[in-house]
1. Which condition number in (1) surrounded by fewer than 15 Cβ atoms within 10 Å (Cβ to Cβ); (2) of a type outside the set (Ser, Thr, Tyr); (3) under 23 Å from Glu324 (Cβ atoms) is the one that Glu207 fails?
2. Return the pair list, or none, for Cβ contacts closer than 9 Å from residues in the stretch 251-276 that are over 24 Å from Tyr236 (Cα atoms) to residues that are acidic (Asp, Glu), at least 6 apart or on different chains.
3. Identify all residues within the stretch 221-237 that are of a type in the set (S, T, N, Q) and assigned to a helix (DSSP H, G or I); write none if there are none.
4. The conditions are (1) closer than 24 Å to Gly154 by Cβ; (2) at pLDDT below 85, and Pro275 fails exactly one of them. Which is it?
5. Against the condition in contact (Cβ under 8 Å) with a residue 24 or more places away in the chain, touching a helix residue (DSSP H, G or I) at 6+ places or on another chain (Cβ under 6 Å) and in a helix (DSSP H, G or I), how does Tyr293 come out, does it pass?
6. Show me the strands (runs of 3 or more DSSP E) found entirely inside the stretch 92-208 where at least 3 residues are modelled with pLDDT of 80 or more and either touching a helix residue (DSSP H, G or I) at 6+ places or on another chain (Cβ under 7 Å) or closer than 29 Å to Ala294 by Cβ (or both).
7. Check Ser232 against each of (1) closer than 21 Å to Cys44 by Cα; (2) surrounded by fewer than 19 Cβ atoms within 10 Å (Cβ to Cβ); (3) in contact with a Ser or Thr (Cβ under 7 Å, 6 or more places away or on another chain) and name the one condition it does not meet.
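The values are calculated or read from the model by the stated rules, or taken from the named source; none is laboratory data. Only a predicted model underlies this, so the values are computations on that prediction, with no experimental measurement involved. Quick reminder, even Gly has a Cβ in these numbers, built from the backbone with ideal geometry, and neighbours come from all protein chains shown.
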Amino acid sequence: MKKGLMGVLILALFIWLAALPGNDAKAYEFSICHHCDGTGLYHCNQCNDRGEVYCEICAGIGYWECPYCDGKGYEICPKCNGDTYSRTPDGEIGIGTEPGTCGCCNGTGKLPCGTCNETGRYYCYRCGGAGYAQCQTQCRYRDKNDKLCSYCKGTGYLGDGFDWKDEWNDGKTNVPKEGNTIWRSDRSSYRYHKNPTASEAAKIANELSAYKTKALTNLEKVLNKYDESLYSAKQYKKLKNTYNKGVKAVNNAENIGGVDTAYYKYKAELLDIRPSVLDKYKEKCKKKIRKAYADIEKTYCVEEGFWDRKLEQVMGDGIDALVEAKTKSKVKKIMKNTLAKLIY
């Protein structure tokens with residue numbers, strides 16, 4: 001009886017040991033790097049890899065017309081009202097008085113604007129006149145020649161996506177080997193092969209095709225971000241030509257990394273071609289908002305509690321909203337609401 005029981009226990013032990021996974025029983029698992037979608041390339045969504053972003057208050061211009069002198073750099077002399085004649089204390093022009101005799105403005109009829117120092121420009125308070133600011137994402141820390149994703153070190157994979165450790169970001173630990181399991185973002189998986197099988201190659205080709213379709217759809221969204229009527233004929237022709245070049249570059253890409261490179265390049269170029277008609281209308285509305293703020297500041301800044309109203313922030317928020325608006329009607333609505341808040 002004891003021998004029979006011992007035999008059963010030994011047999012159970014053998015079965016248990018056989019069931020234990022060996023070193024190669026379970027392939028090491030990887031997941032597609034979700035930071036770069038497996039391309040291995042770094043991309044900054046905020047600045048399109050430029051390292052700089054346009055100031056949203058001044059739309060990259062850096063300044064606007066001085067609201068005190070309307071961009072002229074001078075103000076009309078209050079003594080002679082610009083006609084250059086000297087006057088009596090009663091404001092009358094004496095008999096025989098010659099033009100150019102006003103002592104307040106030395107006969108010029110003008111006084112230099114002290115607000116803008118005769119430049120006619122009122123520099124943007126947010127960017128200090130630069131027109132741009134350094135991108136505040138992690139891309140500002142990377143070298144201009146470093147094009148690799150900082151998470152997967154250019155491999156396109158994150159080793160063991162279920163138990164990933166930051167110290168594995170060395171470009172060596174997170175490199176799959178023959179037969180490893182690769183998990184896609186949709187949680188389907190496949191075996192990694194340096195020389196993929198015909199079925200795997202077909203699946204990769206289908207993935208590339210789907211990725212291209214997505215990139216082309218997004219390019220079309222950028223093309224149609226603004227209505228065609230808001231561009232000049234020359235502008236829209238340039239926009240369309242740039243879009244067609246982007247479509248061709250995406251279709252000719254041989255891998256997902258190439259698709260990304262083409263997509264982000266032409267997306268940035270399309271966004272650079274801004275609709276002049278809409279921009280001119282935005283500038284007109286911005287000028288009204290700035291002038292309203294300047295008039296209020298000049299008239300009421302000595303009042304107690306004026307600064308508690310945070311009108312500078314109201315102006316900035318209004319202009320921020322104008323920059324993002326895509327139609328003239330939306331721009332007009334934002335301007336009216338901002339003016340109402342300023343005047344209240």
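1. Unmet for Glu207, out of (1) surrounded by fewer than 15 Cβ atoms within 10 Å (Cβ to Cβ); (2) of a type outside the set (Ser, Thr, Tyr); (3) under 23 Å from Glu324 (Cβ atoms): (3).
2. Ala253/Asp260; Ile256/Asp37; Ile256/Glu207; Asp260/Asp37
3. If the condition is that a residue be of a type in the set (S, T, N, Q) and assigned to a helix (DSSP H, G or I), then Ser229, Gln235 are the ones that fit.
4. Failing condition for Pro275: (1).
5. Against the criterion (in contact (Cβ under 8 Å) with a residue 24 or more places away in the chain, touching a helix residue (DSSP H, G or I) at 6+ places or on another chain (Cβ under 6 Å) and in a helix (DSSP H, G or I)), Tyr293 qualifies.
6. The strands (runs of 3 or more DSSP E) meeting that bar are 110-112.
7. Just one mismatch for Ser232, condition (1).
One line per residue, one yes/no per condition, for (1) modelled with pLDDT of 80 or more; (2) among the acidic types (Asp, Glu); (3) in a loop (DSSP other than H, G, I, E, B):
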| position | (1), (2), (3) |
| --- | --- |
| Asp308 | no, yes, no |
| Val314 | yes, no, no |
| Gly318 | yes, no, no |
| Ala321 | yes, no, no |
| Lys326 | no, no, yes |
| Val331 | yes, no, no |
| Lys336 | yes, no, no |
| Ala340 | yes, no, no |
